[in-house]
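In what follows, a single structure is set out as structure tokens and then discussed.
What follows is calculated from the coordinates using simple rules that are stated; it is not laboratory data. Owing to the predicted nature of the structure, the values given are computational and were not obtained by experimental measurement. Using ideal geometry, Cβ is built from the backbone for each residue, glycine included, and neighbour counts are taken over all protein chains shown.
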């Protein structure tokens, strides 16, 4: 089973074409294994990216170096997945 | 784990594929005069693909199609589909009487069974089908890029490892081909609604081209009314419009194909995450999400019923 320990979901709301372009650059970097939950779709629309733990540092550095504000939407994906599983088991019981 | 009846079924929790299939059988058994279960095909991993048919009789009546779960990780959609199935039964002589007197409703709750099973057993974030092709490093095709509408154009990827991989050819995925064959053989579907999550959108064609659909004005008006009804329940804010103008270019999409088949009332929902959970929407939000979506579905179904073509 795939686990998502340490994965975070970052939320970026591009407010300029320059910011949008910096986010789109991330889509090309396959080695980062980024999972775009919400893809770039224009200014003012949130872009949500699940970032595996090993890629967190380079991704945040890329955004900060280019002055692209972001927030952490989900601190630890695995924690939410575990919670979901626990709830399912509890309800089933 | 099989509930005693659809009245004791837990609509406020997420369920496995087996539990959902057991629910379907219960609903059919409890309502033999209204509900039947059709198998429209088998998946890559040879799972049955089931569609629930709600009909008060007649043959090949004008119909409404609703599907959920084509992207397997979007769990709130399959969970909402379960709730819709029960709601249709509950409303058969009230709110839906007018529609069911003249139309049938087809509901495909788990449109991507292999992917859905995989989210429960191996990877909660799996989106695509589970097709495997020799020579390809990666598994799966995006079933919402595999339709014969602008197939392979911009807005889909030719990289098998991409989440938006369009597949080797249109309808390569049995989950897509099953619906294509069903729609083509039925010939009388008047509305086609494909439900995704997340980001609070109600979309109509096209996604693969900036060309506006001939029925744009009407579809925009219906979407406006549907979104107003949806928001009236819990205040969830939706945007609406054509796929390409509201989000981005997406080729090979479901409702572009259905619209081009002549199904005028073709819509896609992107259900809520009004908070910050994305695909991991807490189960406590299943019922409110289904309830508000139902308000919008009622508008679309009533408009279709009142404007048969």
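Brief remarks on what is shown
- Sorting B:111, B:68, B:121 by the number of Cβ atoms found within 10 Å of their own Cβ, with the fewest placed first, yields B:121, B:111, B:68.
- Three principal axis extents describe the C-alpha atoms of region B:162-244; from largest down they are 41, 34, 27 Å.
- Bridge type composition, the protein assembly as shown - antiparallel percent by DSSP, nearest 5: 50 percent
- Three-way shape label, chain B, alpha-carbon gyration tensor, a/c 1.5: rounded
- Per-residue average of Cβ from other chains inside 10 Å of B:119-127: 4
- Over all Cα atoms in chain A, the spread is summed up by Rg and Dmax: 14.9, 52 Å.
- Protection-proxy order for peptides B:164-170, B:203-209, each taking the mean of Cβ atoms within 10 Å per residue, highest first: B:203-209, B:164-170
- Shielding by partners, peptide B:278-287 (average Cβ within 10 angstrom, other chains): 4
- Neighbour counts of other Cβ atoms within 10 Å put B:110, B:183 in the fewest-to-most order B:183, B:110.
- Take B:261-272, B:237-248, B:25-36 and order them by the average number of nearby Cβ atoms within 10 Å per residue, most first; the result is B:261-272, B:237-248, B:25-36.
- Above 14 Å, the calculated P(r) of region B:211-296 contains 68 percent of its Cα-Cα pairs.
- Within region B:176-309, DSSP assigns beta bridges of which about 20% are antiparallel (rounded to the nearest 5).
- Shown here are the Rg and Dmax of the Cα trace of the protein assembly as shown, at 20.3, 65 Å.
- DSSP beta bridges fully contained in chain B are about 35 percent antiparallel.
- Taking other C-beta atoms within 10 Å as the exposure proxy, B:54, B:192 rank B:54, B:192 from fewest upward.
- The distance from the alpha carbon centre of region B:252-309 to that of region B:1-79 is 17 Å, rounded to a whole number.
- Average other protein chain Cβ within 10 Å of Cβ, residues B:12-21: 2
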